[in-house]
Each structure stands twice: as C-alpha cells, then as structure tokens.
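Before any comments, here is the structure.
Each reported figure results from applying straightforward, stated rules to the coordinates on display, with no laboratory input. Please read all numbers here as calculations on a predicted model, not as lab measurements. Glycine gets a Cβ as well: all are built from the backbone with ideal geometry, and neighbour counts include every protein chain shown.
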Amino acid sequence: MIFVMLGTQNNSFHRLLEKIDELIKKQVINEKVIVQAGYTKYESNNMKIFDLIPQNEFEKIQDEADLIITHGGVGSIMGSIKKGKKVIAVPRLHQYGEHVNDHQKQIVESFAKKNYIIGIDDVNELEEAVIKAVDFIPVKYETKEQGNLKMLKIIEDFIENL
C-alpha cells in the first residue's frame with residue numbers, strides 16, 4: 001500500500017495527485033493508494049482520499065504502508081523515516097502557488113543527499129522514483145544522540161542557507 005501525505009498546508013498540491021492518478025492508470029502503480037490530502041481537493045476513483053485523518057489512524061496507515069509519497073515538509077519526512085519507511089518526497093513549488101517560497105526543494109535535497117529518502121524536483125520524475133523505490137534501501141534513521149545530531153545538522157544547514 002502507498003500512503004500519500006500532503007500535510008496540512010493551506011495550498012493545493014493538485015499536480016502531485018494528478019501524476020499519481022496517471023501512474024495508476026498506466027499501471028506503474030498497482031498498489032492500493034490512500035491519500036491524506038489536507039486542503040488539496042481532488043477526486044479519483046483510483047485512490048482513497050481523505051482531507052484529514054485522526055492521528056492514531058494516520059500512524060496506523062503510515063505503519064502499514066510499503067511506500068510513502070509526501071510533500072517536502074520536514075515533519076512528514078521525519079515521521080516516515082523514523083519508522084524506517086521508503087519515502088519519495090516531492091517539494092511544493094512557489095511557481096505553482098503551492099508554497100510561499102521554494103524552501104521544500106532544499107529540504108528534499110538535504111534528506112536525499114543523506115540517502116534517507118528518494119527526493120525528486122518535480123512530479124514529472126515520479127514514475128522513475130516509484131520504479132527506483134522497489135529496490136531502494138534507505139539509510140536507517142538513528143535515534144541515538146549521534147543520529148539526532150546528524151539530523152539537527154541537516155536542518156541547521158538548511159536554515160543557514162535560506
């Protein structure tokens with residue numbers, strides 16, 4: 001099962017759901033797809049879409065998912081890699097009115113460089129990323145102090161480069 005997490009941003013991420021729908025129709029994605037869409041309004045017969053999911057149910061779906069596809073929010077990425085999930089992260093982009101700036105590009109790039117996730121720049125790279133995810137083995141998130149310091153360093157580097 002694939003869990004798509006769009007966070008709770010007050011902006012639509014319609015183009016990501018359009019691309020996932022396209023990949024289902026092309027049979028690149030054959031698994032069940034559950035979407036927590038937040039403010040993104042999208043209808044599809046190919047996905048089970050919820051605006052918001054209660055936290056306990058959200059975590060249960062996240063635990064059961066074989067793959068997480070998410071926006072470039074730190075919380076969504078961290079919550080998934082802490083659970084050892086394969087993650088594809090797609091940044092919301094300012095040019096499409098999906099965010100106030102392009103900071104999610106740097107977040108996705110930072111996590112991808114460390115091999116925690118598969119990071120892509122645009123939805124047009126999603127098909128290749130879904131195929132890559134089959135064999136992708138993410139770097140395991142370390143919950144020890146050393147792992148926390150590494151992640152803190154990634155976040156600090158990102159903030160310094162804004």
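Computed quantities for the displayed model
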read-out: Under the Debye formula (equal points on every Cα, no solvent term), log10 I(q)/I(0) of region 2-160 at q = 0.20 Å⁻¹; value: -1.40
read-out: Protection proxy ranking of 86-93, 45-52 - average other beta-carbon atoms within 10 Å, highest first; value: 86-93, 45-52
read-out: Residue order, fewest to most surrounding Cβ atoms within 10 angstrom, among I69, I107, I53; value: I53, I107, I69
read-out: Descending semi-axes in whole angstrom, ellipsoid equivalent of region 13-90, from the Cα gyration tensor; value: 19, 14, 13
read-out: Residue pairs, from the table K19/K60; K41/K153; K41/K114, whose Cα atoms sit over 29 Å apart; value: K41/K153; K41/K114
read-out: Residue-averaged 222 nm ellipticity for the chain, from DSSP H runs of 4+ at -39500 (n - 2.57), nearest 500; value: -12000 deg cm²/dmol
read-out: Inter-label distance for E109 and L52, nm, one decimal - labels placed 7 Å from Cα along Cα-to-Cβ; value: 3.3 nm
